[in-house]
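Have a look at the structure below before the remarks.
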Amino acid sequence: MVKDIAVGALFAIVGGFFLVNSLLSLEFGTAFRMGPGYFPAVLGGALCLLGVTLSALGFRSAPSPFGPVPWRGLAFILTGLVAFGIGSRWLGILPSLVILVALSAAASRRITLPFALLLIVGLVSFCLLVFVYALGLHLPLLGTLFG
Amino acid sequence: MDFIDNLALGLATALTPGNLLYCFIGTVVGTLIGVLPGIGPTATIAMLLPLTFSLDPTAALIMLAGIYYGAQYGGSTTAILINLPGEASAVVTALDGYQMARQGRAGTALAIAAIGSFAAGTFATFVIALFAVPLTKVALLFAPADYFSLMVLGLIASIVLAHGSFLKALAMIITGLLLSLVGSDLYTGAQRFTFGQREFADGLSVVAVAVGIFGIAEILRNLEDESTRSVITRKVAGLFPTRNDLRDSSGPIARGALLGTVLGVLPGGGSVLSSFASYALEKRLAKEPSRFGKGAIQGVAGPESANNAGAQTSFIPMLTLGIPATPVMALMIGAMIIQGIVPGPSVAAQNPELFWGLIASMWIGNLMLLLLNLPLVGIWVRLLSIPYYALFPAIIAFSAIGVYTISGSQMDIFLIAACGTFGYVLIKLGCEPAPLLLGFVLGPMLEDNLRRAMLISRGDPTVFLTRPISAVLLLMAIALLIAITLPAIARKRKQVFVEEN
């Protein structure tokens with residue numbers, strides 16, 4: 001029940017966002033000559049309506065269990081990805097990759113430290129092997145911090 | 001004859017050492033991820049898409065295709081041996097296959113699955129080769145209004161396969177469509193929803209979105225419960241099926257091949273729909289329907305043949321019309337675009353080695369899989385004891401580097417994180433990610449064709465019903481919509497998908 005109400009609200013917000021943004025900043029046009037705002041506005045409106053309907057129906061539907069949420073996993077993986085993104089230019093791919101793998105490994109509650117270290121070394125080496133040496137892609141291994 | 005010439009060209013292309021190697025790599029990787037639960041062909045193809053940059057287009061597509069139908073083979077191996085389908089299309093195989101394994105007939109089940117898949121794959125390849133060129137000619141009759149209606153049909157059809165409610169699937173499609181509109185407007189150059197970020201001017205990266213929604217979100221889902229699954233490694237003896245088994249399976253294999261070939265072409269169809277439909281058909285036609293679910297070999301032979309045929313013929317709309325029938329095909333189109341090939345009816349004429357080489361390599365790949373899978377069964381099963389915490393960091397690392405190599409943009413990495421979170425939230429709330437990706441890929445084409453159709457008809461919306469092709473397609477879409485919402489069929493859908501849980 002709560003799930004349906006929540007997802008309906010989410011869709012309504014997303015749809016509403018696209019609808020309002022299109023109407024405010026983009027040209028709508030006519031059916032003959034559709035402007036850039038036509039399609040997104042129509043779709044946004046439809047999504048908004050769907051969201052409201054889903055929420056409304058959600059009040060009547062049976063409750064279903066939500067299940068566990070891997071908060072630790074979420075925190076570590078998202079931080080890892082963001083760190084990789086930020087570090088890619090500044091630190092370079094090599095350090096960023098190490099950070100990414102380390103944080104990803106930490107996302108697991110079952111991994112042991114020795115295995116994690118092994119994983120970092122092995123995985124980073126493997127990625128370098130495949131992407132840089134085997135495929136010859138030019139990746140900035142060390143970033144602007146290192147000159 | 002053209003047909004023979006084309007096949008000859010195809011075989012010549014597919015049998016070059018380079019292409020053979022990539023076919024082999026693709027099918028092995030495909031089997032691998034088919035065996036391993038928690039990662040599927042969509043996420044894998046998305047991850048490896050950036051790698052295809054440095055390959056020639058034919059090799060790239062051959063490898064990616066190998067991953068796709070290889071996953072069908074791998075998924076059935078674990079479905080039979082440990083009741084853990086690694087792939088959605090192997091779910092029905094587990095129903096009877098696992099029971100056969102428990103009765104000591106695992107070897108027979110595996111062998112029949114492999115033989116059926118190969119037979120169906122051969123048939124499907126033949127059909128593709130036969131009908132591809134005529135279909136391209138039909139495709140040339142399509143006007144923008146017809147393309148629009150075809151894509152609408154495809155999107156509606158993909159709802160049929162989505163679990164959960166019809167409304168949620170529809171909402172996912174529209175969300176995908178909206179996300180695809182981020183970027184520059186094709187006609188006016190106006191920046192839509194980019195918030196001034198220059199990196200989004202070309203739209204959101206398909207690979208980042210795919211990898212986020214199918215890769216990261218799935219990893220998060222698997223991290224909810226990190227307990228190990230018990231892998232009962234069973235000694236697989238008696239690989240050769242008896243005469244009776246072969247005789248009992250021949251009908252289901254033939255029917256499965258036919259069913260898969262037809263259903264695979266439908267937008268939204270593909271291997272999953274084919275395998276479910278085949279199971280339902282075989283159960284309906286069987287002399288002893290009660291044996292299904294208790295180890296009936298027909299329950300393995302039919303679906304396994306159907307899912308392989310379906311996987312292959314789902315290439316047809318992509319190769320002839322340039323329209324993806326499934327998210328995987330959408331990514332294949334992405335790969336073609338990266339290589340500078342515009343997908344559509346002209347591919348067959350302008351890139352014949354690519355077209356026919358790909359088709360021929362599908363048959364070769366099937367042969368490789370037949371020879372690979374049975375002897376290596378032991379290895380595949382042992383792979384399952386690799387702990388998940390060794391796998392998922394690899395998936396994340398590959399995804400991040402892969403996306404970075406395409407654009408070098410930090411925003412794309414953040415996009416992966418955002419899509420991963422968003423995708424996970426949606427999955428938790430009971431939505432399916434596949435319709436979103438399909439909408440995301442079809443969005444620009446949908447809008448483009450809509451606007452063109454409106455321009456041509458001078459703003460007259462009835463053009464969608466006055467053009468015969470468009471009218472037929474839209475009527476089919478409406479019929480599907482009605483069919484899905486009818487209570488009787490809604491119950492059947494729920495019944496079929498309940499078995500998956």
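Structure notes:
- Label-point separation in nm, B:Ser227 to B:Leu371, each point 7 Å along Cα→Cβ: 4.4 nm
- Segment B:388-495: C-alpha pair distances exceeding 17 Å, %: 75 percent
- Centre separation in Å (Cα based) which lies between segment B:386-400 and segment B:161-208: 28 Å
- The H on the amide N of A:Gly29, modeled in the peptide plane, is under 5 Å from the matching H of A:Gly35, each at least 5 residues off or on a different chain.
- Segment B:414-441 and segment A:66-130: distance between their alpha carbon centers, rounded to Å: 21 Å
- Over segment B:42-82: Rg over Rh, Cα atoms, Kirkwood Rh: 1.11
- Spatial extent of segment A:64-147: Rg and Dmax, with the Cα atoms as the point set, Å: 15.0, 55
- Across chain B, the relative contact order, built from alpha-carbon pairs under 8 Å that are at least six residues apart, equals 28 percent.
- For segment B:385-445, alpha-carbon Rg over 2.2 N^0.38 Å: 1.33
- With a 10 Å cut-off around each Cβ of A:14-23, the average count of Cβ atoms from other chains is 3.
- Estimated vicinal HN-Hα couplings, Hz - segment B:51-60 in sequence order (Karplus 6.51, -1.76, 1.60; Gly, Pro = x): 5, 6, 3, 8, 9, 7, x, 5, 4, 4
- List B:Glu199, B:Glu447, ordered by accessible area with a 1.4 Å probe, largest first: B:Glu199, B:Glu447
- Within the full protein context, the accessible area of B:Tyr389 is estimated at about 40 Å² for a probe radius of 1.4 Å.
- Computed from backbone phi with θ = phi - 60° and the Karplus coefficients 6.51, -1.76 and 1.60, the 3J(HN,Hα) list for segment A:46-62 is 4, 5, 4, 4, 4, x, 5, 4, 4, 5, 4, 5, x, 5, 9, 7, 6 Hz; x is used for glycine and proline.
- More than 15 angstrom apart: percent of Cα pairs within segment B:253-312: 39 percent
- Euclidean distance of C-alpha centroids, segment A:31-62 and segment B:1-60, integer Å: 40 Å
- Accessible area per residue for segment B:32-97 is 15 Å², calculated with a 1.4 Å probe on protein heavy atoms, without ligands, DNA or RNA.
- Placed amide H near B:Gly344: partners under 5 Å, 5+ positions off or other chain: B:Gly322
- Whole-number D in µm²/s for segment B:72-119 (Stokes-Einstein; Kirkwood sum over Cα pairs; 4 °C, 1.567 mPa s): 131 µm²/s
- Among the protein heavy atoms, those of B:Lys283 account for about 80 Å² of accessible surface (1.4 Å probe, every chain in place).
- Normalised by 2.2 N^0.38 Å, with N the number of residues, the alpha-carbon radius of gyration of segment B:322-385 equals 1.52.
- Computed log10 I(q)/I(0) for segment B:15-83 at 0.14, 0.15, 0.25 Å⁻¹: -0.39, -0.45, -0.99, from the Debye equation with unit scatterers placed on every C-alpha and solvent omitted.
- Globularity index of chain B, i.e. its alpha-carbon radius of gyration over 2.2 N^0.38 Å: 0.93
- Computed FRET value (nearest 0.05) for A:Val2 with A:Arg110, which takes r as the C-beta separation and R₀ as 35 Å: 0.70
- Interface A-B: total buried accessible area of about 5900 Å², 1.4 Å probe, protein heavy atoms only.
- Taking all Cα-Cα distances within segment B:261-419, those exceeding 27 Å account for 48%.
- Cα extents of the protein assembly as shown along the three principal axes, largest first (Å): 71, 64, 58
- Exposure ranking of B:Trp363, B:Trp356, A:Trp90, A:Trp71 by accessible area [1.4 Å probe, largest first]: A:Trp71, A:Trp90, B:Trp363, B:Trp356
- Legend: Rg and Dmax of segment B:1-117, from Cα coordinates, 16.5, 51 Å.
- Over segment B:44-173: Rg over Rh, Cα atoms, Kirkwood Rh: 1.05
- Note on chain A: along the principal axes its Cα atoms extend 55, 45, 27 Å, ordered by decreasing extent.
- Table column - 3J(HN,Hα) (Hz), segment B:311-324, Karplus curve with 6.51, -1.76, 1.60, x for Gly and Pro: 4, 6, 6, 5, 6, 4, x, 5, 6, 9, 9, x, 10, x
- Gyration tensor over the Cα atoms of segment A:1-40: the corresponding equivalent ellipsoid has semi-axes (square roots of 5 times the eigenvalues, largest first) of 29, 9, 4 Å.
- Near B:Arg192, the amide H atoms lying under 5 Å from its own belong to B:Gly183, B:Ser184, B:Asp185; only residues 5 or more places off or on other chains count, and H is placed 1.01 Å from N.
- Extent of segment B:1-49 along its three principal axes (Cα atoms, max minus min coordinate, largest first): 46, 20, 19 Å.
- Taking every residue in B:447-460 and counting other chain Cβ atoms within 10 Å of its Cβ, the average works out to 3.
- Shielding by other protein chains, B:385-398, mean Cβ within 10 Å: 6
- Solvent-accessible surface ranking, highest first, for A:Ser64, B:Ser275 at 1.4 angstrom: A:Ser64, B:Ser275
The values are calculated or read from the model by the stated rules, or taken from the named source; none is laboratory data. Since the structure is predicted, the reported quantities are computational estimates derived from the model, not experimental observations. Reconstructed Cβ throughout: ideal geometry from the backbone, glycine too, with neighbour counts over all protein chains shown. Surface accessibility is based on the protein's heavy atoms, side chains included, excluding ligands, DNA and RNA. Shrake-Rupley method; radii C 1.70, N 1.55, O 1.52, S 1.80 Å.
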